[in-house]
1. Give me the dipole magnitude in Debye, nearest 20, for the chain about the Cα centre, with unit charges on the beta carbon: positive for Lys and Arg, negative for Asp and Glu.
2. Using a 10 Å cut-off on Cβ atoms, rank the peptides 98-110, 79-91, 52-64 from the highest mean neighbour count down.
3. Calculate one ³J(HN,Hα) per residue across segment 86-97 by plugging θ = phi - 60° into the Karplus curve 6.51 cos²θ - 1.76 cosθ + 1.60, and present them in order as whole Hz with x for glycine and proline.
4. Across the chain, how many lysine pairs, 8 or more positions apart or on different chains, have C-alpha atoms separated by under 27 Å? Please give the number.
5. Let a ≥ b ≥ c be the square roots of the eigenvalues of the Cα gyration tensor of the chain; is it rounded (a/c under 1.5), or, if not, prolate (a/b larger than b/c) or oblate?
6. If neighbour count is taken as other Cβ atoms inside 10 Å, put VAL16, VAL92 in order from fewest to most.
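Laboratory data are not the source of any read-out in this text; all were calculated from the coordinates shown. All values reported here derive from a predicted model rather than from experimental measurement. When we count neighbours, we look across all protein chains shown, and the Cβ atoms used for this are built from the backbone with ideal geometry, even at glycine.
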Amino acid sequence: MKIWTSYGAEHSLNLVIIGHFKDAIEAEEFESLVSSLTNFLVNDSDFDVDSDRFSSGMLDYLGKKNLFCLSPQQLGQLLYDMRLEREENKIVISSDDDLNALTSLLIHSGAKVEMFSAHDHPHEEHGR
């Protein structure tokens with residue numbers, strides 16, 4: 001008889017990212033950008049999550065959007081499970097994964113960014 005022993009731990013970040021924009025129009029444009037980019041990755045591109053280079057189609061798309069702030073690995077993060085909500089001039093993103101791609105996009109789009117773990121700050125108001 002073999003006995004297998006293992007240890008586990010919760011690796012969930014319970015990450016909250018809040019982007020504060022100057023006005024609601026900028027927040028809406030950011031929400032649209034993330035939606036458009038995610039839809040392109042899922043439906044219209046030959047994007048390979050494991051690649052360390054962009055395909056020519058992906059480079060064309062990113063060039064049209066003027067997005068040169070993300071690596072191929074970061075783009076793959078847009079396919080992770082996350083929740084994005086817009087509330088006037090504020091974007092609230094929550095996920096159990098590290099989403100530094102969205103932090104980069106928020107900064108690139110002109111937002112003031114807050115990040116915290118809802119495990120450590122459950123009392124923080126974060127759009128819910």
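1. On the way: 10 positive and 23 negative charges, 37 e Å.
The dipole of the chain has a size of about 180 debye.
2. Numbers: 98-110: 18.4, 79-91: 14.8, 52-64: 12.8.
Result, highest mean first: 98-110, 79-91, 52-64.
3. Going residue by residue, I get 10, 9, 6, 9, 10, 10, 10, 10, 10, 6, 9, 10 Hz, with x marking Gly and Pro.
4. The number of close lysine pairs in the chain is 9.
5. Working: a/c = 2.65, a/b = 1.17, b/c = 2.27.
Cα axes put the chain in the oblate bin.
6. Values: VAL16 21, VAL92 18.
Fewest-to-most Cβ neighbours within 10 Å comes out as VAL92, VAL16.
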